[in-house]
Every structure is written in structure tokens, then in C-alpha cells.
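Colleague: Could you have a look at this structure, given as C-alpha cells, before my questions?
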Amino acid sequence: MALREYYDKDSLLEMKTHLRRFRFHQGELSQLQIAEMVSVSRQTIVAIERGDYSPSVKLALLLARKLETTVEELFELEESDHD
Amino acid sequence: MIKRDKIFYSACGLSGVGLILAFMGYDLSLLLFVAAYLLRPALHEFGLAGQYVDERQLEIHSRSGNLAFIIVMLSIVGMVFWRIADGQSVGELHTLIGIGLAARALTGLVMAGEYQKAGVIIISAVGLFLALFIVLDGGFSIVSAFGIAIGLVIVGFGQLGRKFPRIISIALAALAVALIFFSDLLQFRRADLTTWMFFVIPIVTSSVCLFLGSKNEEEVVSARVRSIVFGSLGIGAATVFALLLIIGSGEVHSRGKRVFVPEGETTEVQGVSCTGQIEYYQNGNLEFCRLAREDTLSGQSLPAGTGVHFTEDGLFNWCMLQEDTEIQGYLTRGEGHGFMTEFYPKGQVRTVYLAEDQVIQGIPCAKFRFLSAVFWPVHGKNGGTYFHENGQLKYCELSEHYSVEGQRFRRGDAVRFDQDGKLVAKK
């Protein structure tokens, strides 16, 4: 279940991640490899890529550093209208 | 899915020892299985898991822990209603609910990080709890007024902790030590569980919180200090609980062998139908077991499940009833708190803990009141009712104001009689 927050009564925020794309850009790193680089379990990386889990700021910064990018490139918030 | 690390192998070790103990018939095995299952989240909460738990696992532990707590609490409440409907007593279940809610409140306050505030709230709650339950348990009397006053003094201490956190912290630490020694808590009797869980541990926690929170606002307690201090508190509480389970459960100290008979099965031992754990003296005589069926010992009919104890010579001398039971005309407390109903060698009852106020030989004797008994080191009254071997009432605590042989006594006073029924002393 993706993280959703009600930004205001008419819209919904969803977090999207580009972690998989950056993993492949960095020499096709596996989920296990990136998990070991940031000291979390592979299941945590799986959950982040599926949008089921929002990493802490610390973990997000670590991932960005290891993948040689920024947190804003790795993760973004998308607004969608809530009916 | 299962992470094989040091914590995993430690948990396997605990489970392995538990299996061996289970095979040998020791109930302690259950504790080890539970400890193995909760090892990882417990180590993390005390700051000892380090790299062995990642943040998502923590969140899952936290959320599943919340859900599990709700389910367990609702289950216990359900069991309370079922047992009440069956006419059974529910004292131990109330204690479990109290421990669960108190533990959650206490840990939540500490985790919020405002230690001084937490310390004040915890100790004020202890005082209010004490005063409230004394009133609910025994109404108003000199003994309960004394207890209520102590409760209110403790609340006052809590409020003073806002202004003088260090001084109150030291005072509370001294109070905890005094409580431990004056109440002889280091014997870890089963009956001491409530005193430890609802008074000593919260008082110590409050003392620690006030001490940590006594620094000025700009000084923050470091994570390392927090981990050490609260980790030690947690380990201390767990150790106390384990000692209460081990020593309290083994209050019948068998000096001989122990044999375990599975529930539902019966074995006849020296004319007694026993089940569960059976303990023997070194001379081979039966020391203790639980009755597999209703049985009569020394002329006293006892229900199935009663724990019965014998002297080394084979004389039946006390029992632990599973529920309130009429013994020789006295409704006697059973189940929680390990009430020992004692008998003389020829079978007359020696000691009972009354389940309700009862007029005995014209004297209005009070039922056992737990919170009054907590203060027995202060006032010398433990809530029991005692008899001489000839059946004459020897001692009881009054359930109402009463005059005996022209002397006036107040509710809660203890009265003593000799073997001929004459008043011995006024208390």
C-alpha cells in the first residue's frame, strides 16, 4: 500500500520511487547488493520499490549517496485527485 | 525470510534449552520459548540489537506489537467475563490486565523523552493507584486511612519532582529500597508480584526519569546513556519477573525428585491422586502435588486441582486452593497470590484467608484484603484468620467496629484469643 497523505481535502499525495532505474544505471545492482550497501534487508528494498514502504530520511540519504544521485531524483511526491 | 545472524542463533539456543526442559517436565520451558520469539524486538528496544534489525522490521515489530497487545488485552477481558459467568474468580486476570496497561503507559511515557515530566506522572499515578485501590478494597478504616495518606504523600512527592527533581529522585530511590527490605521482597514470593510490578518498578523508573530529566533544557540525554539506563531497567524488571516465576513457583522446595504427569493423567502416590508436577522428599515421601480429582485428606474434602503439601513424615499440612472453597465452614480464598490454607496434623484448620467477611464464634472477622496486607511490615497484619488446634478462633482482623470483653475495637484492628477464647491483647 503506497504512502498516501491528504494534502488537502481534494487531493492525495503518493510517493513514487525510481530506485529500480538507478539500480540498473549503477551496473545492474541486485536488490540484495543495494540492501547490503545500506545495511537493510532485501525485503526492505523490495518494499521500497513497490511503494509499500517509505524509508527514513537517513536511509533515503544513504541510498542516494550509494547510487550517486540525490534524494529528490530517487523519490518524488505525486499529487493525484481524490474523488 | 528468516535472517540467520547472532540473534537468530541465540534464539535457537534458547529454544533448544526450552525443548530439553519441556521434555524433562519443567514449565520454565514456556518462558524460554517466549523469550526466544521476542528476543530480537526486545534487544532492539533496549538498544542492544544494533545492526541486526533494520528500520522496516522495526516498524513491523512496532505495529504488530500494538495489534498483538490489543488482541491479548481483549482476550483477557473476554476470559474475565467467561470466568465470572462460570462463577470463578478472576483476580489473576485483573492483575494481567493491570500489568499490561501499566507497562504500556510506563514505557510510552519514557519513550516520549520528556523524562522529568514522565517521572512526575509515573510517581503521581503510583500514589493515586495506591489510594484508590485501598478505598475500593477495604473502604475507610484506620488502616486504609494510613494507606491512603501514604498514597497522597507519594502524589505530593511527584508534584515536588517538578521543582526538585534530583532530591525527589534520591528520595524515591530510598523509598524503593525501603519497600524492598521492609516488605522482604527479596524472597520473591508469588504474592509479591503486584508489589514489584505496580510499586517498586514504577517508583524506580520514576526516580531514574527524574534524575535524567534534572539536567537543564539544553543538555540532552545521549542515546548511549538512554540505552544503558533504560536497558538496565528493562533487564532488571525482566530478572525480577523471572525470579518471581522461578522462586515463587518453587515455593514448595522439593529436596527430592520431581516427576511430571501430563494433564488429564493421574497417578496414585501414597494414597493421593496426583497430576502435573509431583515433588518428593529425599526419603521418597510425597511432598507436593495437585489433586487429579476430588480427594479427602485428614478428613477434609478438597476439590480437584488443589495443590496439597505434606511434611516429610507424611502429614498433610497445607494446601493451595484453585478457587474460593468452603473449608470447615469458612469460605477460603483460593487461586492467585498463593494462599496457603494450613491444617493441624489431626486435620483441624489452622490458617485461612477468608474470601468474605464472616462472623466466627461471634467475632466479625474481615476477609483478606490484599492492599492492606501489602503494608504488613508496618502494621503487622497479613489478613489471615488463625485457629487453635481445639478449633477456637486465635486471631482475626475485624470487619467492623466491635467490643470484646468490654474493650472497644475499630474496624481493621486485630484481635487475639487464647485456647479458652479469652482476649489476649488489644491491638
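Colleague: Can you name the residue in the range A:51-68 that is part of a helix (DSSP H, G or I) and charged (D, E, K, R) and, of all such residues, is nearest to B:Glu59 (Cα to Cα)? Step through it out loud before you land on a result.
Modeller: As a first pass, look at the range A:51-68 and keep what is part of a helix (DSSP H, G or I): A:57-66.
Applying the additional criterion that residues be charged (D, E, K, R) yields A:58, A:65-66.
On the way: A:Lys58: 15, A:Arg65: 23, A:Lys66: 23 Å.
Across the range A:51-68, the extreme among qualifying residues is A:Lys58.
Colleague: Looking at this structure, is A:Ser39 surrounded by fewer than 18 Cβ atoms within 10 Å (Cβ to Cβ), within 11 Å of chain B (Cβ to nearest Cβ) and touching a helix residue (DSSP H, G or I) at 6+ places or on another chain (Cβ under 9 Å)?
Modeller: Yes.
Colleague: Right, here's the next one. Only one residue in B:Ser15, B:Ser62 is outside the structural domain of B:Ile228 (by TED's automatic domain parsing) and in contact (Cβ under 8 Å) with a residue 12 or more places away in the chain. Which one?
Modeller: Matching residue, one of B:Ser15, B:Ser62: B:Ser15.
Colleague: Oh, and also: Quick one: would you say B:Phe140 is away from chain A (no Cβ under 14 Å), part of a loop (DSSP other than H, G, I, E, B), at pLDDT below 85 and farther than 30 Å from B:Ala42 by Cα?
Modeller: So B:Phe140 fits the description; yes.
Colleague: Take B:Gln187 and decide whether it is under 16 Å from B:Pro202 (Cα atoms), surrounded by fewer than 17 Cβ atoms within 10 Å (Cβ to Cβ) and among the polar types (S, T, N, Q).
Modeller: no
Colleague: Consider A:Leu32 carefully, then state whether it is more than 13 Å from chain B (Cβ to nearest Cβ) and in contact with a Lys or Arg (Cβ under 8 Å, 6 or more places away or on another chain).
Modeller: no
Colleague: Okay, moving on. Can you tell me which residues in the range B:45-74 are touching a His at 6+ places or on another chain (Cβ under 9 Å) and more than 21 Å from B:Ala102 (Cα to Cα)? So that I can check it myself, show each step before the final result.
Modeller: Keep residues of the range B:45-74 that are touching a His at 6+ places or on another chain (Cβ under 9 Å), which gives B:45, B:50, B:52-53, B:57-58, B:61.
Scanning the range B:45-74 gives B:Gly50, B:Tyr52, B:Val53, B:Gln57, B:Leu58.
The values are calculated or read from the model by the stated rules, or taken from the named source; none is laboratory data. Quick caveat: nothing in here was measured; it's all calculated off a predicted structure. With ideal geometry, Cβ positions are generated from the backbone for all residues, glycine too; neighbour counts draw on all protein chains shown.
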